[in-house]
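Below you'll find the structure, written out as structure tokens, and then a few comments.
Just so it is clear, none of the values below were taken in a lab; they were calculated from the coordinates. Computed from a predicted structure; not experimentally measured. Cβ coordinates were reconstructed from backbone atoms using ideal geometry, including for glycine residues, and neighbour counts include every protein chain displayed.
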Amino acid sequence: MRNSQPLSVFEHGQMLDAVRIGVLCVGADLRISVMNPAAKAMLHVKGDPVGKLTLSATHNTELADALRTALAEGTEISSTITVRHNGKDRMYSIRAARLDGEKPADAPVGAYVFIEDITELRRLEQLRTDFAANVSHELKTPLTSIRGFIETLMEDAVDRDAQLRFLGIIQFETERLTRLIDDILSLSSLESGRGEQPPESLNIEPSIIRAISMLRPRAEEKSIALSLHIEEDLYVLGHPDRLQQMVLNIVENAIKYTPEGGNVDVRAYAEAQRVLIDVIDTGIGLAPDQQARLFERFYRVDKGRSRAMGGTGLGLAIVKHITRSMNGDIVVISELGKGSTFRVRMPMEGSGEGETAESDG
């Protein structure tokens with residue numbers, strides 16, 4: 001049996017170059033002896049840092065303090081540091097510890113620190129926290145209304161007309177709760193990828209026609225002209241139900257924010273190996289700051305009006321995830337007071353772009 005041999009300095013160097021965690025070693029004087037490429041990239045260190053003081057090379061006081069404390073106290077220091085570069089912050093978890101001599105009586109020979117990027121982890125944690133808070137708020141509003149009107153109905157003095165009016169409000173709020181729960185489940189399914197079947201060759205026409213047919217009565221209630229123009233033989237890779245849901249959400253949103261007597265025009269066509277779906281309305285339009293946040297969960301352009309119409313604030317977030325799952329994207333072209341165009345762009349089947357769906361992270 002072959003005896004194991006200690007790794008050479010060269011092999012140690014290769015290992016440090018390969019790992020994605022940042023590794024930084026310093027001597028007892030806090031001068032850098034080792035810094036792997038990952039640490040240099042995370043800390044934006046240029047040139048050769050070996051021999052330089054930690055603070056001078058990294059310009060990060062928190063990191064230098066952690067190494068100094070580890071050297072002085074001999075305990076492992078765990079902390080989080082923030083590195084700002086080009087106006088953007090990234091968060092890193094650090095673990096610093098002392099390197100002691102071979103004998104207990106020896107003075108410390110230095111210290112090391114492991115650095116791990118946790119920016120995305122913290123972002124996801126914040127998203128989950130915000131999502132939970134928003135869901136709680138969105139559920140509480142209709143539930144409070146339902147409970148209040150039920151308590152009123154239980155009183156003997158309520159006449160028949162008032163009863164019918166209160167029951168109508170309870171029905172409206174119950175339907176909004178159902179839509180909210182359905183949208184939360186849809187969004188959760190899209191983000192996790194649970195139950196998704198492999199994409200199939202899909203002619204977009206039937207899904208779009210079904211979505212428009214479902215919304216035509218709503219458009220007629222507001223005297224909105226809802227028109228549809230589809231080129232023949234437009235194929236993408238995807239799922240018919242998801243495509244229908246995407247079109248349904250965009251067109252429903254256009255009808256909701258278009259005044260009575262307006263127009264909503266849906267067009268599907270091919271351009272440069274892509275299938276484009278445009279939903280053009282003559283609605284209230286969007287300011288630039290509104291456009292930037294439009295696809296965030298629970299974001300509403302007009303919160304009071306959207307809730308009054310039974311909106312959940314999740315429809316366009318669902319649209320964004322569906323387009324990404326089909327390796328596409330969605331853009332908004334809008335001017336306040338003059339209407340909006342929502343444009344979905346998806347790779348045409350056979351174009352070579354749609355083989356790998358984009359991850360949302």
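Arrange LEU24, LEU127, LEU190 by Cβ neighbour counts within 10 Å, fewest through most, would you?
LEU127, LEU190, LEU24
Lysine pairs in the range 21-146 8 or more apart or on different chains: how many have alpha carbons under 30 angstrom apart?
5
Quick check: from the Cα gyration tensor, does the range 192-256 come out rounded (a/c under 1.5), prolate or oblate?
Oblate shape, in that a/c is at least 1.5 and b/c is the bigger or equal ratio.
Projecting each Cα onto the charge dipole of the range 125-236 (Lys/Arg +1, Asp/Glu -1 at the beta carbon, about the Cα centre), which of SER207, ILE170, LEU228 comes out farthest on the positive side?
ILE170
For the range 198-361, what size does the Cα cloud have along each of its three principal axes, sorted from largest down, in whole Å?
If we take the Cα atoms of the range 198-361, the spans are 43, 34, 25 Å.
Length gain on complete extension for the stretch THR69 to ILE118, per 0.36 nm per residue less the alpha carbon to alpha carbon distance?
This chain segment gains 15.4 nm when fully extended.
Please report, in debye to the nearest 20, how large the charge dipole of the range 198-361 is about its Cα centre when each Lys and Arg carries +1 at its beta carbon and each Asp and Glu carries -1 there.
That gives a dipole near 840 debye.
To the nearest 0.05, how large is the calculated FRET efficiency for ALA292 and THR341 if R₀ is 25 Å and r is the Cβ-Cβ distance?
With a Förster radius of 25 Å, E is 0.95.
Which value in Å is the Kirkwood Rh of the range 119-195 over different Cα pairs?
Kirkwood hydrodynamic radius for the range 119-195: 14.9 Å.
Suppose R0 equals 25 Å. What FRET efficiency, 1/(1 + (r/R0)^6) with r the Cβ-Cβ distance, do LEU143 and GLU220 give to the nearest 0.05?
My answer for the efficiency is 0.15.
Please order LEU55, LEU121 by the number of other Cβ within 10 Å, starting at the fewest.
In increasing order of surrounding Cβ atoms, one gets LEU121, LEU55.
Provide the FRET efficiency to the nearest 0.05 for the VAL50-GLN126 pair, computing r from the beta carbons and using R0 = 45 Å.
E(calc), rounded to 0.05, equals 0.75.
On full extension of the chain, what length is gained from MET91 through ILE169, given 0.36 nm per residue of separation minus the C-alpha to C-alpha distance?
So the chain would gain 23.4 nm between MET91 and ILE169.
Treat the count of other C-beta atoms within 10 Å as a stand-in for reagent exposure and order VAL319, VAL247 from fewest to most.
VAL319, VAL247
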